[in-house]
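**Q** Provided herewith is a single structure, encoded as structure tokens, for subsequent inquiry.
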Amino acid sequence: MAPPIPVFSANEIHHRYDEQMQNPEKFQCHLKSLTQHECTFRPSTPQRSTPEFICLPFKRIFRRCLVPTLTKRSNGEKVKGEKWINIEVTDAQTNADLLDRDSKYSKYVQEFLTAEKELKELIEESERF
């Protein structure tokens with residue numbers, strides 16, 4: 001499991017990492033991406049005997065930059081160094097293709113949303129008993 005990380009708005013990212021965003025060459029910044037999957041479960045029903053998982057890929061984009069650090073040793077001495085940081089720059093347009101009706105994912109998005117609705121109804125029904 002990944003460690004917890006803070007989530008920042010686009011404004012907070014630009015404020016917090018303004019220098020890295022404005023001058024990426026100075027910090028040896030490179031764009032990196034990864035694909036994660038959001039999954040849901042479609043239970044079996046009288047019409048569909050086999051349950052299934054439906055997963056949608058979504059991209060996350062990061063700017064990886066080398067930034068200066070100042071570390072304090074146990075004897076109190078301060079040491080200058082550098083460390084790599086990842087600044088997420090994913091925005092609303094990064095995964096817009098998932099919502100495009102002509103996208104290769106359109107059918108899967110509809111299946112995913114239908115499965116989410118079915119699962120919610122099943123959970124609500126089971127909570128009534």
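Values quoted throughout were computed directly from the atomic coordinates according to the rules given, and no laboratory measurement underlies them. The structure presented is a predicted model; accordingly, all values stated were derived computationally and were not measured. Every residue, glycine as well, gets a Cβ built from its backbone with ideal geometry; the counts of neighbours run over all protein chains shown.
**Q** Check N95: other-chain or 5+ apart residues with amide H under 5 Å from its amide H, H built from backbone geometry?
**A** It is none; the list stays empty.
**Q** Over 19 Å, how big is the tail of the calculated P(r) for segment 10-122, in percent of all Cα pairs? Mind showing how you got there, number by number?
**A** Working: 4040 of 6328 pairs.
Tail of P(r) above 19 Å: 64 percent of Cα pairs.
**Q** Given an 8 Å cut-off on Cα distances and at least 6 residues of separation, report the relative contact order of segment 33-129 as a percent. Mind dumping the intermediate values first?
**A** Numbers: 131 pairs, mean separation 25.5, N = 97.
Normalised by residue count, the contact order of segment 33-129 is 26 percent.
**Q** Between C39 and H14, what FRET efficiency follows from the Cβ-Cβ distance if R0 is 30 Å, with the result rounded to 0.05? Each step should come with its number before you reach the end.
**A** Values: r = 32 Å, r/R0 = 1.05.
Efficiency for this residue pair is about 0.40.
**Q** Just to check I understand the Karplus step: with θ = phi - 60° and J = 6.51 cos²θ - 1.76 cosθ + 1.60, what whole-Hz values come out for segment 59-66, glycine and proline as x?
**A** So the J values, rounded to whole Hz, are 8, 10, 10, 10, 9, 9, 10, 9.
**Q** Restricting to DSSP loop positions (anything but H, G, I, E, B) with no more than 14 other Cβ atoms inside 10 Å of their own Cβ, which GluC sites (Glu not before Pro) remain in segment 1-71? Before the final figure, lay out the partial values.
**A** Values: sites: E12, E19, E25, E38, E52; in loops: E25.
Those satisfying the criteria are E25.
**Q** Name the residues whose placed amide hydrogens come within less than 5 Å of the amide hydrogen of V89, ignoring near sequence neighbours (fewer than 5 apart) on the same chain.
**A** I61, F62, R63
**Q** Follow-up. Determine the shape class of segment 69-125: with a ≥ b ≥ c the square roots of the Cα gyration tensor eigenvalues, call it rounded for a/c under 1.5, and otherwise prolate if a/b is greater than b/c, oblate otherwise. If you can, show how the numbers build up before the last one.
**A** Values: a/c = 7.49, a/b = 2.41, b/c = 3.11.
Because a/c hits 1.5 or more and a/b fails to exceed b/c, segment 69-125 counts as oblate.
**Q** For segment 16-23, just list the computed ³J(HN,Hα) in residue order, Karplus coefficients 6.51, -1.76 and 1.60, θ = phi - 60°, integers in Hz, with x standing in for Gly and Pro.
**A** Running phi through 6.51 cos²θ - 1.76 cosθ + 1.60 with θ = phi - 60° gives 5, 10, 4, 5, 5, 6, 7, 9 Hz.
**Q** Let me ask another. How about segment 1-105: which chymotrypsin sites (Phe, Trp or Tyr not before Pro) there lie in a loop by DSSP and see at most 14 other Cβ atoms within 10 Å? Please report the intermediate quantities before stating the final value.
**A** On the way: sites: F8, Y17, F27, F41, F53, F58, F62, W84, Y105; in loops: F8, Y17, F27, Y105.
Sites meeting the loop and neighbour criteria: F8.
**Q** Here's something else I'd like to know. For the chain, what is the calculated [θ] at 222 nm in deg cm²/dmol (nearest 500), taking -39500 (n - 2.57) for each run of four or more DSSP H residues and dividing by its residue count?
**A** Values: 3 runs with 34 residues, N = 129.
Theoretical 222 nm ellipticity from helices: -8000 deg cm²/dmol.
**Q** Something else about it: Quick one: Karplus J couplings for segment 38-49, per residue in order, coefficients 6.51, -1.76, 1.60, θ = phi - 60°, nearest Hz, x for Gly and Pro?
**A** In residue order, the calculated couplings are 9, 10, 9, 10, 9, x, 6, 9, x, 7, 10, 6 Hz.
**Q** Please list, ordered by chain and number, the residues whose modelled amide H lies under 5 Å from the amide H of C29; skip anything fewer than 5 residues away on the same chain.
**A** Hits under the 5 Å cutoff: L66.
**Q** Exactly which trypsin sites (Lys or Arg not before Pro) in segment 4-91 are in a DSSP loop and have at most 14 other Cβ atoms within 10 Å?
**A** On the way: sites: R16, K26, K32, R48, K59, R60, R63, R64, K72, R73, K78, K80, K83; in loops: K26, R48, R73.
When the trypsin sites (Lys or Arg not before Pro) of segment 4-91 are filtered for loop state and at most 14 Cβ neighbours within 10 Å, K26, R48, R73 remain.
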